[in-house]
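Chemist: Submitted below is the structure of interest, expressed as structure tokens.
The values are calculated or read from the model by the stated rules, or taken from the named source; none is laboratory data. All of these numbers come straight from a predicted model, not from anything done at the bench. No Cβ is skipped: glycine too gets one built from the backbone with ideal geometry, and neighbour counts run over all protein chains shown. Only protein heavy atoms, including side chains, enter the accessible area calculation; ligands, DNA and RNA are left aside. Shrake-Rupley method; radii C 1.70, N 1.55, O 1.52, S 1.80 Å.
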Amino acid sequence: MIYKRSSALFAAAQKVIPGGVNSPVRAFKAVGGDPIFVKEAKGAYLYDEDGNQLIDYINSWGPMILGHAHPPVVNAVIEKAKKGTSFGMPTEIETEIAELAIKMVPNIDKIRFVNSGTEACMSAVRLARGFTKRDKIIKFAGCYHGHSDSFLIQAGSGAVTFGTPNSPGVTEGTAKDTLLAQYNNLKNVQEIIASNPDEIACIIIEPVAGNMGCIPPVEGFLEGLRALCDANKILLIFDEVMTGFRLAQGGAQEITGVNADIVTFGKVIGGGLPVGAFAAREEIMNYLAPVGPVYQAGTLSGNPLAMAAGLAMLTELNTKADIFKSINDKTAYLHKGIAKALEAENITHTINRLGSMISVHFAEDNVVDFESAAKGNNETFKKFFHGMLENGVYIAPSAFETWFITEALSYEDLDKTIEAVKKVAVTLK
């Protein structure tokens, strides 16, 4: 495929935007080459500035669970925009989407909307610290909860891609209050808690990791975390920015049967517009200003366009429960096809999948944490990425990102993707 215009646009962008992109993982630094500039998208497809059509497996990093430019979402935004784009005042639609989200998700009584997943996670940790009157938090190596200082201690995704998980600008004082644990290793968490008695406010985790590739929790891990938190008066925070309203109507809490104390959202809850949220039971949420002492604010939080898009999306997912079975079946079909294609050429790999999240790791052993994910062959991934792109399939330009499947994908699209894998696999030997 030809990407002359994308390359020209990237050159122009680099003159006025750091690195030419507004989020580092878009820059193709992990895979080489210039990023693709998108002109428009519809359903399961991207259309770039050079006129190429690509089957999309990032779907704006998760929110396009029903496909790009989904008519009910687009129409809701258009109609709301006609009445004004921002007020900085309360609107009825904020209550409507809050009521629907609380109805869909287990174990939450109140929710507050913010403007991004980063803001949601940052606010959730502040709330946990205020509620427990403790300072320290536990996060897991390879999990990414946004770019707030507390979280950039061996983060996943872009931080891993660039090899700088401990970002300059994060102070030692901040870092000392973030305790790093190993994903899927309950004993490691127990040891950290024992070494910091009565000091830990919360454990924050992606219940299904997506920022070191898709890594599901091993059996008993989340249940064990819940028990440890209960025994030590620690709050458990599920970062469901990726998994919320994607894995099920009630997200990871629903499919795992494990309840968190605080849950953060993004992606799907905004229908693709910039939005985030955090939610909990009433006694915790009432610690927030203006009723409680923990301050959190956002001038544009609850933006009417974002609320309209999110309400339209959640309404669709709430009224069409069969969507989740359909999308999960498509993901399982893709998994089987990719595995067969790679096995036919004896390509070393392992595939992780849970629901509509899936990733291909070019690693010999099972990938269960950051350490095992980092053992993947990145050179093979680079060849795989560019080979798939050349065959009209767009996956994340990083080995440390999950793929997101959309209901808009047809089985014909999935078969085309599998055929692309077959072609590319021959070149990976």
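Chemist: How large is ³J(HN,Hα) for each residue in segment 21-32, as worked out from phi by the Karplus curve 6.51 cos²θ - 1.76 cosθ + 1.60 (θ = phi - 60°), to whole Hz, x for Gly and Pro?
Modeler: Values, residue by residue: 9, 9, 8, x, 5, 6, 7, 6, 4, 6, 10, x Hz.
Chemist: For the chain, what proportion of DSSP beta bridges, expressed in % and rounded to the nearest 5, is antiparallel? Intermediate values should be presented prior to the final figure.
Modeler: Working: 26 of 43 bridges.
Looking only at bridges with both residues in the chain, the antiparallel portion is about 60 percent.
Chemist: Ok, one more. Would you mind working out the accessible area per residue for segment 2-67, using a 1.4 Å probe, and quoting it in Å²?
Modeler: On the way: 3270 Å² over 66 residues.
Per-residue value: 49 Å².
Chemist: Shifting gears a bit: Computing the accessible area with a 1.4 Å probe over protein heavy atoms, can you report the carbon and sulfur percentage for the chain?
Modeler: Carbon and sulfur together cover 52 percent of it.
Chemist: Could you give P(r) for segment 271-429, binned at 5 Å from zero, as whole percent values over all Cα-Cα pairs?
Modeler: It works out to 1, 8, 13, 16, 14, 11, 10, 10, 7, 5, 3, 1, 0, in whole percents.
Chemist: Apply the a/c threshold of 1.5 to the C-alpha gyration tensor of segment 231-340 and tell me whether it is rounded, prolate or oblate.
Modeler: oblate
Chemist: What is the count of Lys pairs in segment 235-349 whose alpha carbons sit under 21 Å apart, if the two are 8 or more places apart or on different chains?
Modeler: Details: Lys267/Lys320; Lys267/Lys325; Lys267/Lys330; Lys320/Lys330; Lys325/Lys336; Lys330/Lys340.
The number of close lysine pairs in segment 235-349 is 6.
Chemist: Now for a different question. Which net charge results for the neighbourhood of Gly117, defined as the other residues with beta-carbon distances under 14 angstrom from its beta-carbon, given Lys and Arg at +1 and Asp and Glu at -1? Mind showing how you got there, number by number?
Modeler: Working: positive: Arg112, Arg246, Lys267; negative: Glu119, Glu206, Asp239, Glu240.
For residues surrounding Gly117, the net value is -1.
Chemist: With θ set to phi - 60° and the Karplus curve 6.51 cos²θ - 1.76 cosθ + 1.60, what are the ³J(HN,Hα) couplings of segment 303-316 in order, to the nearest whole Hz, using x for Gly and Pro?
Modeler: The phi angles translate into 3, x, 5, 5, 5, 5, 5, x, 5, 5, 5, 5, 4, 4 Hz.
Chemist: Using a 10 angstrom cutoff on alpha carbons, build the Gaussian network for the chain and name the most mobile of Ala339, Ala101, Ala373.
Modeler: Ala339
Chemist: Along each of its three principal axes, how wide is the spread of alpha-carbon positions in segment 1-150, in whole angstrom units, largest first?
Modeler: Principal axes ranked by extent give 55, 41, 28 Å for the Cα atoms.
Chemist: Using alpha carbon centroids, what distance separates segment 216-282 and segment 381-429, in Å?
Modeler: With segment 216-282 and segment 381-429 each reduced to a Cα centre, they are spaced 29 Å.
Chemist: Let me ask something additional. Let me know the shape class of segment 349-415, please: from the alpha-carbon gyration tensor, a ≥ b ≥ c as square roots of the eigenvalues, rounded when a/c is under 1.5, otherwise prolate if a/b is greater than b/c, or oblate.
Modeler: Details: a/c = 2.40, a/b = 1.39, b/c = 1.73.
Judged from the Cα gyration tensor, segment 349-415 comes out oblate (a/c at least 1.5, b/c at or above a/b).
Chemist: Arrange the peptides 244-251, 177-184 so that the one whose residues have, on average, the most other Cβ atoms within 10 Å appears first. Mind showing how you got there, number by number?
Modeler: Details: 244-251: 24.4, 177-184: 19.8.
Final packing ranking: 244-251, 177-184.
Chemist: Also: In square nanometres and to one decimal, what's the mean projected area of the convex hull around the Cα atoms of the chain? Intermediate results must be reported in sequence, preceding the final value.
Modeler: Values: hull surface 79.5 nm².
Mean projected area for the chain: 19.9 nm², to one decimal.
Chemist: Could I ask something else about it? Under 18 Å Cα-Cα from Lys136, which lysines qualify once same-chain neighbours fewer than 8 residues away are excluded?
Modeler: The qualifying lysines are Lys176, Lys233.
Chemist: Please compute the per residue accessible area over segment 325-402 with all protein chains in place, 1.4 Å probe, rounded to a whole number of Å². Let's see the in-between values first.
Modeler: On the way: 3220 Å² over 78 residues.
I get 41 Å² per residue for segment 325-402.
Chemist: I need the peptides 208-219, 383-394, 351-362, 262-273 ranked by packing, meaning the mean over residues of other C-beta atoms within 10 angstrom, with the highest value on top. Don't skip to the answer; put the middle values down first.
Modeler: On the way: 208-219: 24.9, 383-394: 19.0, 351-362: 23.1, 262-273: 28.0.
Most protected by this proxy first, the peptides run 262-273, 208-219, 351-362, 383-394.
Chemist: Would you work out if segment 160-258 is rounded, prolate or oblate? Take a ≥ b ≥ c from the square roots of the eigenvalues of the alpha-carbon gyration tensor; rounded if a/c is under 1.5, else prolate when a/b is larger than b/c, oblate otherwise. Don't skip to the answer; put the middle values down first.
Modeler: Details: a/c = 1.90, a/b = 1.15, b/c = 1.65.
Cα axes put segment 160-258 in the oblate bin.
Chemist: Accessible area per residue for segment 89-149 in Å², computed with a 1.4 Å probe and the full protein assembly in place, what is it? List each step's numbers first, then the result.
Modeler: Working: 2560 Å² over 61 residues.
It amounts to 42 Å² per residue over segment 89-149.
Chemist: Could you let me know the centre-to-centre spacing of segment 45-75 and segment 108-134, using Cα atoms, in angstrom?
Modeler: Cα centroid of segment 45-75 versus Cα centroid of segment 108-134: 30 Å apart.
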